[in-house]
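Q: Dropping the structure in here first, questions after.
The values are calculated or read from the model by the stated rules, or taken from the named source; none is laboratory data. This structure is a prediction, so every number in the text was calculated from the model and none was measured. Quick reminder, even Gly has a Cβ in these numbers, built from the backbone with ideal geometry, and neighbours come from all protein chains shown. Remember, those area values only see protein heavy atoms, side chains included, never the ligands or the DNA or RNA. Shrake-Rupley method; radii C 1.70, N 1.55, O 1.52, S 1.80 Å.
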Amino acid sequence: MKKVSGRALCALALAVVLVLGLAAFALKYAVSAGDWVTFPGSPHIYAGANLDCGVVTDRAGALLLDTTDGRTYSENAATRASTMHILGDRYGYISAPLLSVYADDLIGYSKVQGLYGQQLGDAAAQLTISADVQNAALSALAGYRGTIGVYNYQTGEILCAVTSPSYDPDNMPDVENDTTGAYNGVYVNRLFSTTYTPGSIFKLVTAAAALENIEDIQTRQFRCDGACVIGGQQIICNGVHGTLDFAAALAHSCNVVFGQVAQELGAKTLQKYAQKLGLTDSFSCDGYKTAAGVVDLSKADDGDVAWAGIGQYTDQVNAYAFLRYMGVIAGGGEAAEPYLMQSVRVGESMRYEAETRTTGQLLGEQAAAQLTVMMRNDVSSIYGDWQFGGLNVCAKSGTAEIEGQAAHAMFAGFVQDAAYPLAFVVFVENGGSGSGVAAPIAAKVLAACVQAMANS
């Protein structure tokens with residue numbers, strides 16, 4: 001009798017363990033089934049590290065990638081190269097996290113039906129980028145390493161997300177054995193994953209802080225004799241500007257004035273604004289995790305703060321984060337968050353459609369309006385409206401000094417036009433002059449954006 005009773009207790013214990021195990025599995029399935037199905041090791045939906053399921057088009061419906069039978073890229077070689085860092089290559093050397101994020105939608109999966117995409121037809125993803133703009137941007141970089149980003153600061157749609165160098169995934173070069181240096185850093189997406197010394201475009205951060213914290217900043221007169229000493233360090237300017245006000249100091253990119261203003265603001269305030277405006281944050285954009293910028297003034301003396309306010313010292317910014325900041329100024333202190341994926345359909349079913357989200361108010365409306373006027377003056381008085389084909393461009397150039405190398409060329413800003421609400425960044429590694437190299441590149445890309453928006 002004791003044996004029977006013991007066996008019954010064992011059977012009961014086993015039954016309890018089985019029930020608990022099934023409950024645990026059901027809970028795990030409910031939480032993680034989508035991750036199991038879309039795991040990158042799945043041979044059914046991945047090739048290498050990249051998702052292979054469905055058709056991907058640009059904002060105008062132009063084919064970028066068809067994975068219904070292997071990977072078929074655009075017929076246009078330029079488009080294949082200019083979009084590779086978004087779509088990934090054939091072998092997973094360059095990943096496409098954008099597609100992985102929307103894997104559930106692209107493959108047509110639900111916890112009840114499982115993989116049902118084949119029953120409804122091929123998945124179709126439409127991106128916000130324009131193939132024509134991508135091509136224009138990669139062509140304009142003309143072999144320079146760097147990145148160009150353009151987005152609609154009212155809706156959040158990214159029209160351009162180009163990084164260079166790149167290559168045609170249908171004609172992959174021997175990157176590992178290349179001795180020319182043409183493909184150095186080709187596996188890095190420079191828009192999202194890299195930080196740069198910003199140079200004088202960072203003066204737009206110093207200016208924002210000054211406009212909100214120094215009461216008489218716009219009426220004050222400054223003096224530039226070509227250099228000054230702050231905290232025992234010599235601050236050298238790019239010219240002798242004489243007497244000038246704050247707007248003229250930004251237009252002429254006067255290091256003397258901005259070094260003095262940065263010192264007056266102090267390390268805590270300058271660092272606070274870099275953080276407040278998102279320049280030290282890491283963002284997530286449709287699967288891309290951006291590199292966090294660095295503005296660390298915790299051990300800076302007055303001279304270091306002066307150089308930081310000019311965009312040197314230890315300053316490092318990410319192109320995506322700075323693009324977002326340009327949208328914030330253009331939007332009166334608040335802008336749409338940038339995104340790449342417009343929609344996903346599986347058959348007749350709309351599985352995903354983007355919605356505009358905003359940054360929240362990061363800068364006061366008055367300061368944003370004042371900065372807009374100053375940046376507009378930069379273009380009309382220094383860079384030249386003639387470059388931009390009638391667009392109302394507001395911008396700032398930067399020439400970021402890099403020890404032992406040619407300077408990085410920077411140009412960042414936005415279009416003040418309800419029909420073309422575009423914010424942009426152009427970062428050209430070792431390009432030299434921001435106004436001489438990066439500004440003309442921006443002009444070409446903006447022209448392509450206007451054409452793309454007119455056609456859509």
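Q: Hey, can you grab everything whose amide H is under 5 Å from the amide H of Ala407? Only 5+ residues off in sequence or another chain; H modelled, so Pro and N-termini drop out.
A: Ile402, Gly432
Q: Report the far tail of the P(r) of region 325-401, meaning the percent of Cα-Cα pairs longer than 19 Å.
A: More than 19 Å apart: 56 percent of the Cα pairs in region 325-401.
Q: Here's something else I'd like to know. Report, for the chain, the % of DSSP beta bridges that are antiparallel, rounded to 5.
A: Roughly 90 percent of the DSSP beta bridges within the chain come out antiparallel.
Q: Report in % the part of the accessible area of region 353-456 that belongs to carbon and sulfur, leaving out ligands and nucleic acids; probe 1.4 Å.
A: C and S atoms contribute 48 percent here.
Q: If you don't mind, another one. What part of the accessible area of region 126-275, given as a whole %, is carbon or sulfur when the probe is 1.4 angstrom?
A: In region 126-275, the share of accessible area belonging to carbon and sulfur is 42 percent.
Q: Now, a different point. What per residue convex hull volume, in Å³, do the alpha-carbon atoms of region 377-456 yield?
A: 74 Å³
Q: Which cross-chain or sequence-distant (5 or more) residues have an amide H under 5 Å from the amide H of Gln342, H modelled 1.01 Å from N in plane?
A: The answer is Gln126, Leu127, Thr128.
Q: Hey, another quick one. What list of ³J(HN,Hα) values in whole Hz, one per residue of region 406-413 in order, does the Karplus curve 6.51 cos²θ - 1.76 cosθ + 1.60 (θ = phi - 60°) give from phi, with Gly and Pro shown as x?
A: Here the 3J(HN,Hα) series is 5, 5, 6, 9, 10, 8, 9, x Hz.
Q: Rounded, prolate or oblate for region 59-199? Axes are the square roots of the Cα gyration tensor eigenvalues, ordered a ≥ b ≥ c, and the cut-off for rounded is a/c under 1.5.
A: It is prolate, given that a/c is not under 1.5 and a/b is the larger ratio.
Q: So how strong a dipole does the chain carry about its Cα centre when Lys and Arg Cβ are +1 and Asp and Glu Cβ are -1, to the nearest 20 debye?
A: 1400 debye
Q: For region 251-354, compute Rh as the Kirkwood radius over C-alpha pairs and then the Stokes-Einstein diffusion coefficient at 10 °C and 1.306 mPa s; write the answer in µm²/s, rounded to an integer.
A: D = 101 µm²/s.
Q: When the Karplus curve 6.51 cos²θ - 1.76 cosθ + 1.60 is applied with θ = phi - 60°, which whole-Hz ³J(HN,Hα) does each residue of region 380-388 get, with x for Gly and Pro?
A: Karplus values, whole Hz, x for Gly and Pro: 5, 9, 10, 6, x, 4, 4, 6, 10.
Q: Among Ala336, Ala438, Thr163, pick out the residue whose Cα is farthest towards the positive end of the charge dipole of the chain, where Lys and Arg carry +1 and Asp and Glu carry -1 on C-beta, about the Cα centre.
A: Value: Ala336.
Q: How long are the semi-axes of the equivalent ellipsoid of region 278-421, defined as square roots of 5 times the Cα gyration tensor eigenvalues? Whole Å, largest first.
A: Result for region 278-421: semi-axes of 30, 22, 16 Å.
Q: If you don't mind, another one. Treating each Cα of the chain as an identical point scatterer and ignoring solvent, apply the Debye formula and state log10 I(q)/I(0) at q = 0.08, 0.10, 0.14 Å⁻¹.
A: -0.51, -0.74, -1.24
Q: Using only the alpha-carbon atoms of region 166-288, report the extent along each of the three principal axes, biggest first, to the nearest angstrom.
A: The Cα atoms of region 166-288 stretch 59, 32, 26 Å along their principal axes.
Q: On full extension of the chain, what length is gained from Gln361 through Ile236, given 0.36 nm per residue of separation minus the C-alpha to C-alpha distance?
A: 41.5 nm
Q: Let me ask you something else. Can you work out ³J(HN,Hα) from phi for every residue in region 291-300, in order, using Karplus 6.51 cos²θ - 1.76 cosθ + 1.60 and θ = phi - 60°, giving whole Hz and x for Gly and Pro?
A: Rounded to whole hertz, the list is 5, 6, x, 10, 9, 10, 10, 5, 10, 7.
Q: Give the accessible surface of region 142-256 per residue, rounded to a whole number of Å², with probe radius 1.4 Å and ligands, DNA and RNA excluded.
A: 39 Å²
Q: Return the whole-Å distance between the Cα centroid of region 354-427 and the Cα centroid of region 160-219.
A: A separation of 15 Å, based on Cα centres.
Q: Let me ask something additional. What's the Kirkwood radius of region 176-241 in Å, using all Cα pairs?
A: 16.3 Å
Q: Go ahead and estimate [θ] at 222 nm for the chain from helices alone: -39,500 (n - 2.57) per DSSP H run with n ≥ 4, summed, over the residue count, rounded to 500.
A: Using -39500 (n - 2.57) per qualifying helix, the result is -11000 deg cm²/dmol.
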